[in-house]
Amino acid sequence: MEDILQVDIVTIFPRMLEGFLGESMLRRAARSGRVAFRLVDLRDFTHDRHRTTDDRPYGGGPGMVMKPEPFFEAVDSLRTPGARVILMSPQGRRFTQSIARELAAERHLILLCGHYEGVDERVRIGLANDEISIGDYVLTNGALAAAVVADAVVRLRPGVLGNAEGTAEESFSESLLEYPQYTRPPEYRGLRVPEVLLSGNHEDIRRWRRMQALARTAERRPDLLGASPTAAGQPERTES
Ligand code: JCQ
């Protein structure tokens, strides 16, 4: 079976991700043999008694910098021909559904997790072939960011997603937000399900959903329609 995606996550906090990878769709994906995860402890690639992974910055200044050698040696031990080595960092290119699709076409991903003030620049220059950010905020370390990327990528592999998930799928691939969804009961705490959804008229339902998706996208995410964002579209916080 040559259809396996190998996902290696190199971090000083491998146990942060054990629970995450061991649940739900990711666990099923691994159990079915369609994906294989390795949580790799960066400290296993140190050589000193204290298993040191960081050091003070050359030139001075606050904070610590992650040493290059453990990352290089970890990747040396994991690398296969064609492996894609990705540094998780707020300085990377912004992760999108399109990048998720790109990564889902690979055979081997090696996700490197930094922390502290950052990693020695030589990890970027001499080791990683890509640098990805999951958004404009700073995390205490890259493990969660790697988990986000792994999750978004693995669900795109053939055979991983259940059919139910597969059909309602991909408001972003279609580049529209999802239409409003309802299930039973038809009225709950005074909030009624729109009449058209109870009508049984599937042509009306299809049109209503299309309209709702378009209106919602125009209102909340005009950028997805090629327009400029306006303040009007921000979803509001409501009192409950
Ligand atoms: C990833 N958005 C935020 C934090 C430095 C490589 O250097 C650093 C990495 C991190 C962890 O990643 C993030 C992140 N996408 O914070 C600081």
Quiz item: Looking only at the range 76-90, which residues are charged (D, E, K, R) and part of a strand (DSSP E or B)?
Solution: Arg84
Quiz item: So which pairs qualify, if the first residue must be in the range 178-194 and open to solvent by 100 Å² or more (accessible area, probe 1.4 Å), the second must be at pLDDT 95 or above, the Cβ gap must be under 9 Å, and the two must be at least 6 apart or on different chains?
Solution: Tyr182/Val193; Tyr182/Pro194; Tyr182/Leu197; Thr183/Val193; Arg184/Val193; Arg192/Pro186
Quiz prompt | Qualifying positions in the range 107-122 - more than 16 Å from Val10 (Cβ to Cβ) and more than 7 Å from the ligand (Cβ to nearest atom) | solution = Arg107, Glu121
Exercise. Return the total of residues in the range 59-75 being more than 15 Å from the ligand (Cβ to nearest atom) and either in a loop (DSSP other than H, G, I, E, B) or not assigned by TED's automatic domain parsing to the domain that holds Ile12 (or both).
Key: 2
Quiz item: Which of the residues belonging to the range 114-138 are in contact (Cβ under 8 Å) with a residue 24 or more places away in the chain and either on the phi > 0 side of the Ramachandran plot or open to solvent by 50 Å² or more (accessible area, probe 1.4 Å) (or both)?
Solution: Tyr116, Glu117, Gly118, Arg122, Gly126, Asn129, Gly135, Asp136, Tyr137, Val138
Quiz item: Taking the stated definitions as given, is Leu111 open to solvent by less than 30 Å² (accessible area, probe 1.4 Å) and outside any strand (DSSP E or B)?
Solution: no
Quiz item: Within the range 215-228, can you find the residues that are in a loop (DSSP other than H, G, I, E, B) and surrounded by 12 or more Cβ atoms within 10 Å (Cβ to Cβ)?
Solution: Arg221, Ala227
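The values are calculated or read from the model by the stated rules, or taken from the named source; none is laboratory data. Nothing here was measured: the structure is a model prediction, and the numbers come from that model. Cβ sites come from the backbone with ideal geometry, for glycine too, and all protein chains shown count toward neighbours. Keep in mind that these areas ignore ligands, DNA and RNA; they rest on the heavy atoms of the full protein, side chains included. Shrake-Rupley method; radii C 1.70, N 1.55, O 1.52, S 1.80 Å.
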